[in-house]
Structure formats: structure tokens, C-alpha cells
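Peer 1: First the structure, then my questions, so here it is.
The values are calculated or read from the model by the stated rules, or taken from the named source; none is laboratory data. Treat the numbers as computed from the prediction; the structure is a model and nothing was measured. In this analysis, Cβ positions are derived from the backbone assuming ideal geometry, glycine residues included, and neighbour counts consider all displayed protein chains. Side chains are part of the model used for accessible areas, which takes the heavy atoms of the whole protein and leaves out ligands, DNA and RNA. Shrake-Rupley method; radii C 1.70, N 1.55, O 1.52, S 1.80 Å.
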Amino acid sequence: MTRLLIVGPPGAGKGTQAARLAAAYGIPAIATGDIFRHNIADKTPLGIEVKAIVDAGDYVPDSLTNALVTSRLDEEDARDGFLLDGYPRTLDQVSYLDDLLASKGQALDAVIRLVADQEEVVSRLRKRAIDQGRVDDSEAAIRHRQEVYARETTPLIDVYREKGLLIEVDGLGEIDDVSTRISEALAARQIAPVA
Ligand code: ADP
């Protein structure tokens, strides 16, 4: 019954940590970026609609993104908990998610913020561009995504801090060490992995 968010700049390692957390806490990791990319690859109506936006590193309109998350959270596996990666990213999405969860009698348990140095994340993303061939990982697109993140998404951190939900974790170093830092911070809040 754990409901978590993971936030951080592009390249902070959210996806990697999200997969590990999902396994440890027995919840699905739901990454809006992955869902958009799958829709683009499959040329679904949604994919066709958002392709140019995602390739440019801009944010998909809130109305589309909110609808996507609403239907994903309605699926059976997300009923008792989830880890959202890459959503919410705007203040509008924050209030939408709050209302959505409240309407189901649910609430977030914690928001994990991965803190990472700008230079480090840019070099990680360049490497990922080579390894995975992501169109939105060109150097200009990476820089643009960092700017969009700083402008649109950084304000969310204060909102979650004021709500008392924010856990800040250093995202640099070994993957295992970062995972341990996150687990310890969650344990300090009585949020435990599945046995
Ligand atoms: P990264 O963490 O590297 O920025 P993501 O995989 O999380 O990459 O997202 C890739 C792209 O998908 C974003 O640049 C944006 O175009 C789109 N996207 C993902 N999540 C959202 C969201 N919550 N709101 C708007 N657009 C989103």
C-alpha cells in the first residue's frame, strides 16, 4: 500500500532507481516518458499526437498527460500502490493528482527527490543517447530538457516539502548506494519493503 513519486532532473537516474524500488516495495513503476515513447513507437493516436513534442523535449499538454495517468492508475496492479516516475511535472499536474487520489480516498506516502549535479547528468544522458538511441537525447535536446525541468518542475519540490512528503537523496555514486540511501530514508518514515 505504498504510493510514491520519484522526481529529479533528466539523467538523475530516476528510471534505474524506480525499477529497483518497484521490485522491492511490490508496486508498479509507472513512467510517463516510457508510456509516451511506447505510444510513439507503436504509432498509436496518442503517439502520433505527442511525437513532435517529446522529440523536442517539451512537455506534453497537461490534459493529455493527466488523462493518461488517470487510466493507468485505474489498472488493477496500481490499485494498492504505485511509484510514479516523471509525473507530476507541472503544478497543474500536482493538483490534478492530489484531487484524483483524494477522490479515491488515497494519498501519497512520500516524494523521493534525486539530487544530481548538472554536469554529471548531462554526461550520463550523452552516454544513454549512444546506448539506447533515444531521439530526445541529442545534445541540444538534453540542454533544452534541463531548462524545461528547471522552469516547470523545480517549483514542485517546494510544494511537496511544504506538505511534509519530501525525501531528498543524493543521486550521485554507485547505483546500489543510491538505492540504499532511498530505502533508509523510506524506512525512517515507516515505509518498508515487501518481505
Ligand atoms: P527524462 O527524465 O530524461 O526527461 P522522461 O522519459 O521522463 O525523460 O520523459 C521524456 C519526455 O516525455 C519528456 O521530455 C516529455 O516530452 C514527455 N513527458 C513525460 N512525462 C511528462 C509529464 N508528466 N508531463 C509532460 N510531458 C511529459
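Peer 1: For the charge dipole of the chain, defined by +1 on Lys and Arg C-beta atoms and -1 on Asp and Glu C-beta atoms about the Cα centroid, which residue among P28, A192, P61 has the Cα displaced farthest towards the positive pole?
Peer 2: Among P28, A192, P61, the one farthest towards the positive end of the dipole of the chain is P28.
Peer 1: Using the Cβ atoms and a cut-off under 14 Å, what net charge is assigned to the surroundings of Y160, where Lys and Arg are +1 and Asp and Glu are -1?
Peer 2: Details: positive: R3, R89, R113, R161, K163, R189; negative: D98, D109, D158, E162, E168.
Taking every other residue near Y160 into account, the sum is +1.
Peer 1: Using helices alone, I'd like the mean residue ellipticity at 222 nm for the chain: each DSSP H run of four-plus residues gives -39500 (n - 2.57), total over residue count, nearest 500.
Peer 2: Working: 9 runs with 106 residues, N = 195.
Mean residue ellipticity, 222 nm, calculated: -17000 deg cm²/dmol.
Peer 1: Quick one: dipole size for the range 28-141, taken about the Cα centre, charges +1 on Lys/Arg Cβ and -1 on Asp/Glu Cβ, in debye to the nearest 20. Write out the running numbers ahead of the final one.
Peer 2: Values: 13 positive and 23 negative charges, 48 e Å.
Here the size comes out at about 240 debye.
Peer 1: While we're here: Over the chain, what is the relative contact order in whole percent, taking alpha-carbon pairs under 8 Å and six or more residues apart?
Peer 2: Numbers: 259 pairs, mean separation 64.7, N = 195.
Once normalised by length, the contact order is 33 percent.
Peer 1: Let me ask something additional. Cα to Cα, under 16 Å, and not fewer than 8 places away if on the same chain: which lysines meet these conditions relative to K51?
Peer 2: Qualifying lysines at Cα under 16 Å: K43.
Peer 1: If the chain between H38 and S123 were fully stretched, how many nm would it gain, using 0.36 nm times the residue separation less the Cα-Cα distance? Mind dumping the intermediate values first?
Peer 2: Values: separation 85, 0.36 × 85 = 30.60 nm, distance 2.48 nm.
In short, 28.1 nm is gained.
Peer 1: If the chain between V115 and D176 were fully stretched, how many nm would it gain, using 0.36 nm times the residue separation less the Cα-Cα distance? All intermediate terms of the calculation are to be shown ahead of the outcome.
Peer 2: Details: separation 61, 0.36 × 61 = 21.96 nm, distance 1.56 nm.
Gain in length upon complete extension: 20.4 nm.
Peer 1: Please list, in order along the range 172-178, the HN-Hα scalar couplings obtained from phi with the Karplus expression 6.51 cos²θ - 1.76 cosθ + 1.60 (θ = phi - 60°), rounded to whole Hz, x for Gly and Pro.
Peer 2: Working through the residues one at a time gives 8, x, 5, 4, 4, 5, 5 Hz.
Peer 1: Please report, as a whole percent, how much of the solvent-accessible surface of the range 1-95 comes from carbon and sulfur atoms (probe radius 1.4 Å). If you can, show how the numbers build up before the last one.
Peer 2: Values: 2250 of 3990 Å².
Of the solvent-accessible surface of the range 1-95, carbon and sulfur hold 56 percent.
Peer 1: I've got another one for you. Work out from phi, with θ = phi - 60° and the Karplus expression 6.51 cos²θ - 1.76 cosθ + 1.60, the ³J(HN,Hα) of each residue of the range 75-86, listed in order in whole Hz, and give x for Gly and Pro.
Peer 2: Once θ is set to phi - 60°, the couplings for the range 75-86 become 6, 3, 5, 9, 4, 9, x, 6, 10, 8, 10, x Hz.
Peer 1: Right, next: Could you state the accessible area per residue of the chain in Å², with a 1.4 Å probe and every protein chain left in place? It would help to have the intermediate numbers written out before the result.
Peer 2: Details: 9680 Å² over 195 residues.
Value returned for the chain: 50 Å² of accessible area per residue.
Peer 1: Using a Gaussian network model on the chain with a 10 Å cutoff between Cα atoms, which of G133, G11, G33 fluctuates the most?
Peer 2: Its mean-square fluctuation being the largest, the pick is G133.
Peer 1: Along the positive direction of the dipole of the chain (beta-carbon charges: Lys, Arg +1; Asp, Glu -1; about the Cα centre), which of P45, V148, Q93 reaches farthest?
Peer 2: P45
Peer 1: Taking amide H positions as placed in the peptide plane 1.01 Å from N, state which residues far from I30 in sequence (5 or more) or on other chains have amide H under 5 Å from it.
Peer 2: Placed amide hydrogens put L83, L84, D85 under 5 Å from I30.
Peer 1: Hey, got the dipole for the range 64-195? About the Cα centre, +1 on K and R Cβ, -1 on D and E Cβ, debye to the nearest 20?
Peer 2: Numbers: 17 positive and 27 negative charges, 42 e Å.
Roughly 200 debye, rounded to the nearest 20.
Peer 1: What FRET efficiency would be calculated for the residue pair A185, I48, taking the C-beta separation as r and a Förster radius of 35 Å, to the nearest 0.05?
Peer 2: Given R0 = 35 Å and the Cβ-Cβ separation, E is 0.30.
Peer 1: Please list, ordered by chain and number, the residues whose modelled amide H lies under 5 Å from the amide H of R3; skip anything fewer than 5 residues away on the same chain.
Peer 2: Here the answer is F82, D109, A110, since their amide H atoms fall under 5 Å of that of R3.
Peer 1: R161 to V148: extension gain in nm, 0.36 nm per residue of separation minus the Cα-Cα distance?
Peer 2: Numbers: separation 13, 0.36 × 13 = 4.68 nm, distance 2.07 nm.
Stretched out fully, the R161 to V148 stretch lengthens by 2.6 nm.
Peer 1: K104: which lysines have alpha carbons under 30 Å from its alpha carbon, excluding same-chain residues fewer than 8 sequence positions away?
Peer 2: Candidates past the 8-residue exclusion: K14, K163.
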